[in-house]
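Nothing in this text is a laboratory measurement; each read-out follows from the coordinates by a stated rule. What you see is a predicted model, and the numbers here were worked out from it, not measured in a lab. Note that each Cβ is placed from the backbone with ideal geometry, even for glycine, and that neighbours are counted across all protein chains shown.
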Amino acid sequence: MVSNCYIHIPFCKNICSYCDFCKLFYNTGYVSCYLDSLEEEINTYYRGEKLDTIYIGGGSPSCLSLEEMERLFSILSVLKKTADCEVTIEVNFDSITEEKINLFKKYGVNRISFGLETTHSWILEKMNRTLDIEYVKYIISYCKKIGITNINVDLMYAFLGETLNEVEEDIDFILSLDVTHISTYSLILEEHTKLYLEQEKAISDDFDAKMYEVICSRLSSYTHYEISNFSKESYYSKHNLCYWKNNEYYGFGLGASGYLDDIRYKNTRSITHYLQKKYRYEEEDISYYDKIEYEVMLNLRTKWGISKTKFVSNYGKKFSDVYNYSKLVLDGFLIETQEFLFIPEKYWYLSNEIIVRLLEECSYE
């Protein structure tokens, strides 16, 4: 049963230099046509399940006008929600207003994810972003005032020239906001982004690891429940947990990805094709063993790791029948309890290497 849904709104009022997500410059004419296509896509593929999470991402959904927002939420009203459905929307500070937040509240949004990234002017300039620190404080305070208290703030780090002190200053500012969730992202220089094309250099792996260590230390008052995510107790991102648990989900919108009926799919990134109702671009049939590999790669990103009981329930065999992980346990890279198998937090920075080692120790029959 599918219980999670992602909605992609690709429009932005300016394009960040590091961003590789599917995005377009905001254009009112395109928005109207886009919402028409989004409505048809949802009506074509949505099967009426009650949803535990709805996540509206981008792009920058907050750049839509109030009238366009009203239209979006009217389209999404067809989606059935459970009583405690988590409804998240991503916003940027340069396009969010009290009126838009009031509208979010009116339509059941109960979680807002703010793209802060950094407070330092030279990094913001490199990102092609602006930020008014006082407005950040005000608008987050306003969200809490009207009852939207489940708030995430994004932090981005690892820019060439950035110091550990600057990272600490960013964290201290975020902590002063007293939000329920913090997501952290180390800069990745993706092809076709402005930074990549300008031949921006990456920092060393050792310094990146040191920054990660500082972040984890400074955020020790939060629960570090996933490699890049920290939350106050019981404020985990329910939507992102659906990905890390390897659950199926809808993905609607330009460039969105989804996972339904053992098929992982990607929507077209061509606005022309999307407006012509040519939604799906790529589909991958997921085999029994593909699902197992996804389970390993995604589950081991979290503090809980792999549930051995759930694994048997899902795949009809013990985890130890599929993978020989004893050496990783002996070396301390995996910890095994009666129920779980997980990577200890001190090795999370090396999780990719650990997961690769585990996948190489498979014994598929």
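Here the Karplus curve 6.51 cos²θ - 1.76 cosθ + 1.60, taken at θ = phi - 60°, turns the phi angles of region 64-80 into couplings of 5, 6, 4, 5, 5, 4, 4, 5, 4, 5, 5, 4, 6, 5, 6, 6, 7 Hz, with x standing for Gly and Pro.
Could you give the length gained on full extension between Thr149 and Asn102, defined as 0.36 nm per residue of separation minus the Cα-Cα distance, in nm? Please list the in-between numbers first.
Numbers: separation 47, 0.36 × 47 = 16.92 nm, distance 1.33 nm.
Additional length available on full extension: 15.6 nm.
In a reduced charge model with +1 at each Lys and Arg Cβ and -1 at each Asp and Glu Cβ, the chain shows a dipole moment near 1020 debye about its Cα centre.
Let me have the relative contact order for region 80-147, percent, based on Cα pairs under 8 Å that are six or more residues apart. Don't jump to the answer; show the numbers that get you there.
On the way: 49 pairs, mean separation 24.7, N = 68.
In percent, rounded to a whole number, it is 36.
As a quick test, which of the pairs Lys50/Lys145; Lys145/Lys277; Lys210/Lys318 have an alpha carbon distance above 31 angstrom in this structure? Write down the numbers at each step before the final one.
Numbers: Lys50/Lys145 29 Å; Lys145/Lys277 41 Å; Lys210/Lys318 37 Å.
Lys145/Lys277; Lys210/Lys318, as the Cα separations exceed 31 Å there.
With both bridge residues required to lie in the chain, what share of the DSSP beta bridges run antiparallel, to the nearest 5%?
Among the beta bridges of the chain, antiparallel pairing accounts for roughly 40 percent.
Which one of Cys33, Val78, Tyr142 has its Cα pushed farthest toward the positive end of the charge dipole of the chain, where Lys and Arg give +1 and Asp and Glu give -1 at the Cβ? It is Val78, whose Cα lies furthest towards the positive end.
Label reach from Val78 (point 7 Å along Cα→C-beta): in region 15-38, amide nitrogens under 14 Å belong to 35-38. One chain, two ends: Phe207 and Asp321. Fully extended at 0.36 nm per residue, the span grows by 37.2 nm beyond their Cα-Cα distance.
Which whole-number value in Å³ per residue fits the convex hull of the alpha carbons of region 303-365?
Working: hull volume 5.1 nm³, N = 63.
Spread over its residues, the Cα hull of region 303-365 gives 80 Å³ apiece.
In the structure shown, the pairs Lys80/Lys100; Lys126/Lys278; Lys80/Lys308 are assessed against 26 Å; a Cα-Cα span above that value is assigned to Lys126/Lys278; Lys80/Lys308. Shape annotation for the chain: C-alpha extents along the principal axes are 57, 50, 42 Å, from largest to smallest. In terms of the Cα gyration tensor, with a ≥ b ≥ c the square roots of its eigenvalues, is region 11-152 rounded because a/c is under 1.5, prolate because a/b exceeds b/c, or oblate? Because a/c hits 1.5 or more and a/b fails to exceed b/c, region 11-152 counts as oblate. Here the extension length gained between Arg280 and Phe21 equals 91.6 nm, from 0.36 nm per residue of separation less the Cα-Cα distance.
Counting only helical runs of four or more DSSP H residues, what would the 222 nm mean residue ellipticity of the chain come to if each run contributes -39,500 (n - 2.57) and the total is spread over all its residues?
Working: 15 runs with 140 residues, N = 365.
When only DSSP H runs of four or more count, the value is -11000 deg cm²/dmol.
Considering region 114-211 at the alpha-carbon level, its Rg and Dmax are found to be 14.6, 44 Å. The residue among Asn229, Met127, Leu160 whose Cα reaches farthest toward the positive pole of the charge dipole of region 4-244, with charges on the beta-carbon of Lys, Arg, Asp and Glu, is Asn229.
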